[in-house]
Amino acid sequence: MSWSALVVANASDADAGFVGERLEQRGYTLRTVLREDGPPRLAEAGPVKLLLLLGSEWSVHAPVDPPALAAEVALVRDAV
């Protein structure tokens, strides 16, 4: 069985690293979206079993791209 994991990353570092490797070993297909593009709403992302937010050099207190941050927050709220 293959499940889909939606990975939210920055364009400068979109590698899911060891976490991504382990998820793939467990049958997940990783689909990466970039913060800079404004992540989609969950309903628009298609069937997703897991949401993985990679670390970022962006600060919530002084966001580099406020609309992208708002889109990521909305994605997490949809997932919850």
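The values are calculated or read from the model by the stated rules, or taken from the named source; none is laboratory data. Owing to the predicted nature of the structure, the values given are computational and were not obtained by experimental measurement. No Cβ is skipped: glycine too gets one built from the backbone with ideal geometry, and neighbour counts run over all protein chains shown.
In the range 52-71, the condition of being among the charged types (D, E, K, R) and assigned to a helix (DSSP H, G or I) is met by no residue. Of everything in the range 41-60 that is farther than 20 Å from SER12 by Cβ and not hydrophobic (A, V, I, L, M, F, W, C), the residue that is surrounded by the most Cβ atoms within 10 Å (Cβ to Cβ) is LYS49. When ARG31, ARG22 are screened for being surrounded by fewer than 16 Cβ atoms within 10 Å (Cβ to Cβ), in contact with a strand residue (DSSP E or B) (Cβ under 6 Å, 6 or more places away or on another chain) and basic (Lys, Arg), only ARG31 passes. Considering the range 4-19, and only residues there that are part of a strand (DSSP E or B) and modelled with pLDDT of 90 or more, the residue that is surrounded by the fewest Cβ atoms within 10 Å (Cβ to Cβ) turns out to be SER4.
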